[in-house]
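J.: This is the structure I want to talk about, given as structure tokens.
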Amino acid sequence: MFTKRDCEGFHRRDFMQIGSAGFIGLSLASMLRSEATAASRTTAADVKGPKAKSVILVWLSGGPATIDMWDNKPEAPEGIRGEFKSINTKAAGMQVSECLPKMASVGDKISLVRSLAHTIPSHGPGTVFMTTGNKPSAALQYPSMGSVCAKMLSVEKGVPPYVSFSELRNGSAGLAGYLGTGYNPFGVEGGGGGKGDAKGGGTNMRVRGITLPPGFSLEELETRDKLLSGFDQGFKELDNNGNLVDGLDSFHKQALDILRSDKTKKAFNLAAEKETTREAYGTTPFATSALAARRLVEAGVRFVTISTGGWDTHGQNFTNLKTKLLPQLDQTLSTLIRDLDERGMLDSTIVMCAGEFGRTPKINKNVGRDHWARSMACVLAGGGIKRGYVHGSTDASGMAPATEPVTPDDVSSTIFQQLGIDPHTEMQTPTGRPVQLFREGRVIEKLVG
Amino acid sequence: MMARFFTPAVLLIAWGFASPAAFGAVTLPTGGKIQQVDFERHLMGLFSKAGCNNGSCHGSFQGKNGFRLSLFGLDPDKDFAALTRDIQGRRADPIDPDNSLLLLKATGAMKHDGGIKFSRDSWQYAVMREWIKDGMPRRKGAGEIKGIEVSPKDMLSLKAGQKAQIKVTATFTDESKEDITPFCDFRMQDDAVARVTPFGEISGIRPGDSGFVVLYRGQVASLRILVPTPMKPGFKYPKIEAVNYVDKEVFAKLKMLNVVPSDLAGDTEFLRRVTIDTTGSLPTPDEIRQFLADQSPDKRTRKIDDLLKTSRHAALWATKFSDITGNNTLALEQPQGAAQNLKSQMWHDWFRSRVEQNMPYDEIVRGVMTATSRDGKTPEEWLAHVKKIEEEGKKFDTSEYAGRKTLDMFWRRQAQVPSIEWSEKTAAAFLGVRLECAQCHKHPTDRWTQADYRAFANLFTNINFAANQFSSPDVKKVIDAENAERTSKVDAKNKNQVMVIREMFIAPEPRGKNVLLTHPETNAPLKPKAIAGPEFTPAKGKDLRGELFEWMRSPENPFFARSFVNRVWGHYFGAGIVDPVDDFSQANPPTNTRLLDALAKDFIESKYDIRRLERTILMSRTYQNSSTPNDTNRLDKNNYARSYVRPMLAEVVVDVVNDAIGTTETFGNDAPAGKRMIEIGASRINNANVAYALRIFGRPPRTTACDCERAMEPALPQTLFRMTDPALLQKMKSPANRFNLLLKDRKRSDEAIFEEVFLAAMSRFPTPRELDTFYQHRLTNTDRAEAFADVVWALINTREFILNH
């Protein structure tokens, strides 16, 4: 329990120094530990200098039919090939589905990974696998990539490291797992989320827990805080060893810094964007969240998850893709990538667009496609990922990778290498078991230029 | 519990320093010589000590860079072959020992991903070189260990700045003994108290008490390192009256450390602590006033007895038992949704009713361990019973289920549970033992082998649930008819939304994935066997769980009573005697073995009387110590010299925040409004605001049996939550909260209301300075309601409020 947690023997002075570093979401024990972590980070000799600073995960919840998107198979036999033709993109040799013309126009800025595969065609565990880079296990809850970023990367004062616009699988994925609740994402509320009701304005968006809610002004906070300090004096003497009382004091100071900072508040002020930019992203909640995600990354957030649903197309796959899903994704994702690039941010921001699995090459009787994890494609861009590159391929009917097969572990390892974190960094679970970040992961060297 | 140990890599930095590279016999850094280097005793010792055979290095199942050692050195034959035969013997070259790959890599003369392990002039080099030069001899079995012994035994007391060398002697199966100290790995649990060199020299750093563990090739031994507080001139250790045996054992250890317990806690301090600890609530202002006014000498005793009898106390322990037994709503059987929440509630209330009637602990565990759905009923009786449970459920009533003999819900999960999970859950919940490592390998710091693990799982292969089968044709007839009627009313598509009746029973044969597990090496089927316990004789359809239970609760069982008294102790002190509370292992020794043994002995003798155990603990002077430290106990954190400041359970945070503001919670369809959070069984909470608070404060999802799922450490989002949560702020505006109700009486003074609000949150009267702070604030805010909302906000955000102390 708590009182034993500072057994590494850090002294109070160390604690206070680390405690004022401006990290957010850190738990007490990890503050005590962060010095050790920092040391182990620098010994990872094989890791190249970081190219990427942040990640935006564009999550297609339900499992997108990537065979009709990034790995179109117009030559495949009847019953497998979809209804869409392929079109050329701005990258030589890269083709995508005709429903993604705007993505085609940024083909020279992205990589497509066509040989991604895993073995779990079930939403919950599939989501966990893809978002953690580790095959789910009953014995251990792996942390999401965002939570790992929150733990391993520092942020400026007042900025949350990991922000999520959507609770993945109703809050059963995207969390901190064995790292502890301090590294869970900060959730966005007030429109812009997957189920948000905001009509593109996003003016009432805020990160839950780090901004003052409506009707609670900063002045009011300062007044109340003064009163609080009058009631919180006598307690300090009690705990000169466990660091708990000092730790909470340190959290209190950090909390005030965060609440006084307007960095995230400003990030949500989408009215500050040019109207043409806002229009380019689109007016859906998903579009709003994408624009806000870019602004959060500008403010220093390390990992942002945005999400859009409806991809579980067991029936009417093509109608759904053509009329609803793809036009929205095409507009917003292409704008996000172009916008990041134009601002010079794409080289330091990795964009990953994927869902929990692909869909069956075989079309079912409801003109749908069912769950299929044995082949899927995903988009990776930015942060040193090659531009205009297609990695791997699937066989003629899209059933399985044909060349350069990769797994979710490999994708995560590649992303973390680009962030300057050794994918094999050894972490400790609360039971003291050593675990590598991505034990099975191999960096996809061909993806990074 | 976090990084309890140094990683070997840290130790190695200091380890590689020079010692004479004598040839022939090898001189060891601890003095003494090895006449003949032995592969098993010395080489394999070095591999383990240097971490070469770790899972992340050559012990990995794929090996590393083509070189594979057995994980943690469990297989000398394989390792010998890997070193002497693979890659044409280049790893060890007796003609030119210095050119052996083993030495070139370890010294960094050739690229080695694992880094430089030692230098050419080190003693380790000399040991390995000598063995290679000798032609890599092998005395098969020479390194089989009977046991290791550490001297001094059990305890080492030394002053800060003082050094002492320990000696580790191994006895091998051929009865030969050898000093193997430099080949051991050492781990100091608290290196703020003492440090250890790679050769076992211990130095005291500052006053305190640390566990110390010695590892030698799978053998584990431990002792405690005591660094007593220096005595000031003229210091005389005071005599403090022991209330009961708890104090006797705690004080005895404290005296060895020259640490004096804190003063007795004052009445308000005691009342707040004991009310939070026993009922997850704050004492009300009236309760506080009554308690202070009571002049009788036995008022604390009476208060303890009253609190332990409350239904809230039972609810709090039902919450804890729900964690321990894995009451995970999402994993319960179909249909999903509200029906699952209701089942979780039954699970919770089954425990609650038992704690409330103070059923002996072993009987409670019997109800879990030997559960079947029918509880011995005839098919017709059972059907009527199930229907009654369902009927009552519509009115949030769980009494029929809570009145069952056994908790079949524990075994009723949506997906078939493999036998290894049942055994892991049983071990963690009722024996305080973590087994999961042994699924794949023997744990390097614990005793359990893969064979132990599998033989234990074989007790649970016949658990049957949800397989559309029933225990007998009679049951099948009755239930099939009922289920057919239930499903006939809905579309085929919605069949899984129907509550069909399923039976949990013991099948005649292992079912589904639950085949009888076999020995990892011989592949022979393993006879069911308790960990560190007897074998059981299986027979067709025989429920071995009953015999297992009888072994568990027998007075000789080394874990059963200890595990539970330790959980109870951990609950009341914020740190277990073994901590984490469910990690009884050789490498995690108790801080006070005599105390743990005394509690367990008394618990067994009382026939597992939980309330008596709690009463003994709460009555002790040790529990009633003040949290204010004195000069001698400021640094104490595992000998209970003062009451430790500690965070509260997430559920309790939700409840005490409501207590402080004077509001209640709503739970939608899960429970009637006004219930307290500790009364809720479900791990999935539909009130999004409550669910958010619980997540922030670390309520466990109950997916694994590990106590570590509950996050008990504070985190920044918790502070932010108390400052900014919209639902919380809304409660401060509620017209029905405490201060708004008080304000309705216009005649009531500001001071009177402030005192009441302060008392409700802090469980003590405000000091004059605090009263003044309030007056000053009141001057700036002319709106009474707003001013009191400010006060409540401020109180909830104090450290004093959010911690128990």
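The values are calculated or read from the model by the stated rules, or taken from the named source; none is laboratory data. In this text, all values refer to a predicted model and were calculated from it rather than measured experimentally. Virtual Cβ from ideal backbone geometry, glycine too; neighbours counted across all protein chains shown.
J.: Looking only at region A:279-321, count how many residues are out of contact with any helix residue (DSSP H, G or I) (no Cβ under 9 Å at 6 or more places or on another chain) and of a type in the set (Lys, Arg).
T.: 0
J.: Next question. Which residue is nearest to the other protein chains (Cβ to nearest Cβ), if the candidates are limited to region B:584-637 and must be more than 22 Å from residue B:213 (Cα to Cα) and basic (Lys, Arg)?
T.: Within region B:584-637, the match that is nearest to the other protein chains (Cβ to nearest Cβ) is B:634.
J.: Of all helices (runs of 4 or more DSSP H) completely enclosed by region B:357-453, which ones contain at least 1 residues that are touching a residue at least 24 places away in the same chain (Cβ under 8 Å) and over 29 Å from residue B:526 (Cβ atoms)?
T.: Fully inside region B:357-453 and qualifying: B:361-369, B:379-393, B:399-402.
J.: Quick check, is residue A:143 at pLDDT below 95, in the same structural domain as residue A:349 (by TED's automatic domain parsing) and at negative phi?
T.: For residue A:143, the condition - at pLDDT below 95, in the same structural domain as residue A:349 (by TED's automatic domain parsing) and at negative phi - is not met.
J.: Pairs needed: first member in region B:32-61, outside the structural domain of residue B:183 (by TED's automatic domain parsing) and more than 14 Å from residue B:137 (Cα to Cα); second member anywhere, among the β-branched types (Val, Ile, Thr) and crowded, with 20+ Cβ neighbours inside 10 Å; C-beta distance under 8 Å; at least 6 residues apart or different chains.
T.: Listed pairs, sorted by first residue: B:33/B:26; B:34/B:26; B:34/B:127; B:45/B:180; B:46/B:127.
J.: Just to be sure, is residue A:157 assigned to a helix (DSSP H, G or I) and within 29 Å of residue A:263 (Cα to Cα)?
T.: Taking the combined requirement at face value, the residue does not satisfy it.
J.: Could we say that residue B:705 is surrounded by fewer than 19 Cβ atoms within 10 Å (Cβ to Cβ), within 20 Å of residue B:331 (Cβ to Cβ) and within 14 Å of another protein chain (Cβ to nearest Cβ) here?
T.: no
J.: Kindly list the number of the only condition in (1) within 30 Å of residue B:802 (Cβ to Cβ); (2) more than 14 Å from chain B (Cβ to nearest Cβ); (3) part of a helix (DSSP H, G or I) that fails for residue A:301.
T.: With (1) within 30 Å of residue B:802 (Cβ to Cβ); (2) more than 14 Å from chain B (Cβ to nearest Cβ); (3) part of a helix (DSSP H, G or I) applied to residue A:301, the lone miss is (3).
J.: State which residue pairs qualify: first residue at positive phi and free of Cβ contacts under 8 Å to residues at least 60 places away in the same chain and inside region B:675-703, second residue among the acidic types (Asp, Glu) and buried (at least 21 other Cβ atoms within 10 Å of the Cβ) in any location, beta carbons under 8 Å apart, and separation of 6 or more residues or different chains.
T.: These pairs meet every condition: B:698/B:713.
J.: Which of the residues spanning region B:416-451 are crowded, with 20+ Cβ neighbours inside 10 Å, of a type outside the set (Ser, Thr, Tyr) and more than 21 Å from the chain's Cα centre (by Cα)?
T.: Matches in region B:416-451: B:417 only.
J.: Could you count how many residues in region B:103-129 are touching a strand residue (DSSP E or B) at 6+ places or on another chain (Cβ under 8 Å) and assigned to a loop (DSSP other than H, G, I, E, B)? Spell out how you get there, then give the answer.
T.: We begin by selecting, within region B:103-129, every residue touching a strand residue (DSSP E or B) at 6+ places or on another chain (Cβ under 8 Å); these are B:113-114, B:123, B:126-127.
Subsequent filtering for residues that are assigned to a loop (DSSP other than H, G, I, E, B) retains B:113-114.
Residues in region B:103-129 being touching a strand residue (DSSP E or B) at 6+ places or on another chain (Cβ under 8 Å) and assigned to a loop (DSSP other than H, G, I, E, B): 2 in total.
J.: Sticking with this structure for a sec: Within region A:355-370, is even one residue within 17 Å of the chain's Cα centre (by Cα) and not hydrophobic (A, V, I, L, M, F, W, C)?
T.: yes
J.: Residues to consider are B:505, B:573; find the one that is over 30 Å from residue B:473 (Cα atoms), out of contact with any Gly (no Cβ under 6 Å at 6 or more places or on another chain) and modelled with pLDDT of 90 or more.
T.: B:573
J.: Determine whether region B:443-456 contains at least one residue that is farther than 27 Å from residue B:383 by Cβ, more than 14 Å from every other protein chain (Cβ to nearest Cβ) and among the small types (Gly, Ala, Ser).
T.: yes
J.: I'm trying to understand the selection: among the residues of region A:109-133, which are part of a loop (DSSP other than H, G, I, E, B) and crowded, with 24+ Cβ neighbours inside 10 Å? Let's see the steps before the verdict.
T.: Just the residues of region A:109-133 that are part of a loop (DSSP other than H, G, I, E, B), to begin with: A:117-122, A:133.
Correct list: A:133 only.
J.: Of everything in region A:392-449, what is surrounded by fewer than 23 Cβ atoms within 10 Å (Cβ to Cβ), of a type in the set (Gly, Ala, Ser) and within 14 Å of chain B (Cβ to nearest Cβ)? Give them in sequence order.
T.: A:432, the sole residue that qualifies.
J.: Considering each residue of region A:215-228, count those that are in a loop (DSSP other than H, G, I, E, B) and over 13 Å from residue A:259 (Cα atoms), and give that number.
T.: Adding up the residues that qualify gives 1.
J.: Another question about this same structure. Would you call residue B:579 touching a residue at least 40 places away in the same chain (Cβ under 8 Å), acidic (Asp, Glu) and within 14 Å of chain A (Cβ to nearest Cβ)?
T.: yes
J.: Same structure, new question: Sort out for me the helices (runs of 4 or more DSSP H) sitting completely within region A:243-286 that have 1 or more residues that are farther than 21 Å from residue A:302 by Cβ.
T.: A:244-260, A:275-281
J.: Given the conditions (1) among the basic types (Lys, Arg); (2) buried (at least 17 other Cβ atoms within 10 Å of the Cβ); (3) over 30 Å from the mean Cα position of the chain (by Cα), which single one is not true for residue B:289?
T.: Condition (2) is where residue B:289 drops out.
J.: Determine, yes or no, whether residue B:483 is surrounded by 14 or more Cβ atoms within 10 Å (Cβ to Cβ), under 29 Å from residue B:340 (Cβ atoms), of a type outside the set (Phe, Trp, Tyr) and under 29 Å from the mean Cα position of the chain (by Cα).
T.: Taking the combined requirement at face value, the residue does not satisfy it.
J.: Within region A:67-103, can you find the residues that are crowded, with 19+ Cβ neighbours inside 10 Å and of a type in the set (Asp, Glu)?
T.: Once the filter is applied, which keeps residues that are crowded, with 19+ Cβ neighbours inside 10 Å and of a type in the set (Asp, Glu), region A:67-103 yields A:68, A:71.
J.: Continuing with the same structure: Going by the conditions given, is residue B:346 more than 19 Å from residue B:541 (Cα to Cα), in contact with a strand residue (DSSP E or B) (Cβ under 9 Å, 6 or more places away or on another chain) and assigned to a helix (DSSP H, G or I)?
T.: no
J.: Report, ordered by the first and then the second residue, all pairs with beta carbons closer than 8 Å, sequence separation of six or more or different chains, a first member in region B:644-673 that is on the phi > 0 side of the Ramachandran plot, and a second member that is small (Gly, Ala, Ser).
T.: B:662/B:736; B:662/B:760
J.: Separate question: Test residue B:770 against the criterion of being modelled with pLDDT of 95 or more, within 11 Å of residue A:227 (Cα to Cα) and not hydrophobic (A, V, I, L, M, F, W, C), and give yes or no.
T.: The answer is yes for residue B:770.
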